[in-house]
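Reviewing the structure listed below.
The values are calculated or read from the model by the stated rules, or taken from the named source; none is laboratory data. Being a predicted model, the structure only gives us computed values, none of them experimental. Note: ideal-geometry Cβ built from the backbone for every residue, glycine included; neighbour counts use all protein chains shown.
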Amino acid sequence: MRSMRRALLAGLLALASTTADAAEVSVQEALLRAKPAVALVVSEVSSEVHLKCAGGGDVRVTPPAFRETGTGWFINPSGSVITNAHVVSPAFRPPEWLRTQQAQKAARPGCRVADVKLDPSISVILSNGVRLSATVAKYSPPVAGEEMSGQDLALLRLEAADMPALALGDSNALQIGDRVHILGFPGIVLTHELLNASAKMEASVTNGAVSGFKQDRAGQPVIQTDAPAAWGNSGGPVVDDAGRVVGVLTFVTLAAGAEGGIVQGFNFVIPSQAVRAFLEGTGVKLDEPSRFNQAWQAALSDFFSGNHRRAEPAFAEANRLLPEMPDVKRLSAENADKIKNPPPVPFPWTLVATGMIAVSLGAYGGLLGLRWKRNRFRIRPSEVMKLIETSPHQPVILDVREATTYARSPLRIPNSLHVTPQALESGSARLPVEPDRTVVAYCT
């Protein structure tokens, strides 16, 4: 029974998600949709250094591990993560300088280094703090000795299912001035003493625009943006206003300016089309559905449209699939508060104004109808003259005035017949009028 309910809920969420996708969403909602799919990537190399010391003693030293962090994001819900190659390079291909550095850290007076054993590892940490071990499935290093490259990409694989995932957009459609948003884990936030551990694990968002289209020294395309970024943002997705990935941030510009300060606003992005080409032959399915995405997007759609009770089960389903995600927790709590304390219903000024306009138009239309009904047989004097002058049969003109008014008035219509209104109403008037003659009545 429980599995049937879950299947029904999943179907409803999928339908709601499809409907929500068909409608435009705000930038705020689009970024909230995207954030859970962004994760912290940690490259770590621990070591054990074997020292031979004077007097024949052997010492084994474990120096502090080398650690480098960056940003990655799920390209599909089955555990495929995209990041920069330079983020995972120390653990994927430990350089010789790292071995030397670890040996120097373990140095002791009177001892020499006999051996250095490195133990590299790569981890992906979700925003809820869950750490997952990852392996490199495909690796395309930066151009040797260069600061940027259109192929600074790595594909990571980890054991996971129903993860939040981001969809690739079309970087070829970007124009100068288009707004973009960088999602990631800047190191300044990760190490900030003001924040608690849970806050540090939530992806940050910086905003900017496309400011140029360049090529790196290998001739590969890169996109320039003025959106701010810091070390740790490398590998993070760059999304458009709809939350689609249009690129991947590569090496962050940290060059010193003329006065020695750090220059920002000149960061470079690997286009999403290069990511598509990089993924060819890897077996990664870009259109694989995510149950978390379906639940999360349905919840956000209902939340922002004010359907808080309908959003509640969708938030619960998203939290069940991936518990304790910061955005899910925060929005769920806010949604519950809105259900418990609904905002006051605003006075329906628009509805009242529309109703008043409709009533006024109806009354005006009714008056016009009555006027038309009363005057539908009226004829102007000029038309009477035209009938007299052109008709083969002269119209019969009735002077329908009360007897007293008719007797006192000096006005007499030539060739007219006088008949009182009372005589017409009672049917007692006997008028010598042929059936084919036109009758024109004058009354006051």
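Values as computed for the structure displayed
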read-out: Entirely in the stretch 195-288, the strands (runs of 3 or more DSSP E) that have 3 or more residues that are under 25 Å from residue 76 (Cα atoms) and either polar (S, T, N, Q) or modelled with pLDDT under 85 (or both); value: 204-215
read-out: Residue 354 in contact with a His (Cβ under 9 Å, 6 or more places away or on another chain) and β-branched (Val, Ile, Thr); value: no
read-out: Selection count where residues are part of a loop (DSSP other than H, G, I, E, B) and surrounded by 10 or more Cβ atoms within 10 Å (Cβ to Cβ), scope the stretch 350-401; value: 7
read-out: Count - residues of the stretch 425-442 that are exposed (fewer than 11 other Cβ atoms within 10 Å of the Cβ) and part of a loop (DSSP other than H, G, I, E, B); value: 7
read-out: Conditions (1) assigned to a helix (DSSP H, G or I); (2) at pLDDT 95 or above; (3) not basic (Lys, Arg); number of the one not met by residue 81; value: (1)
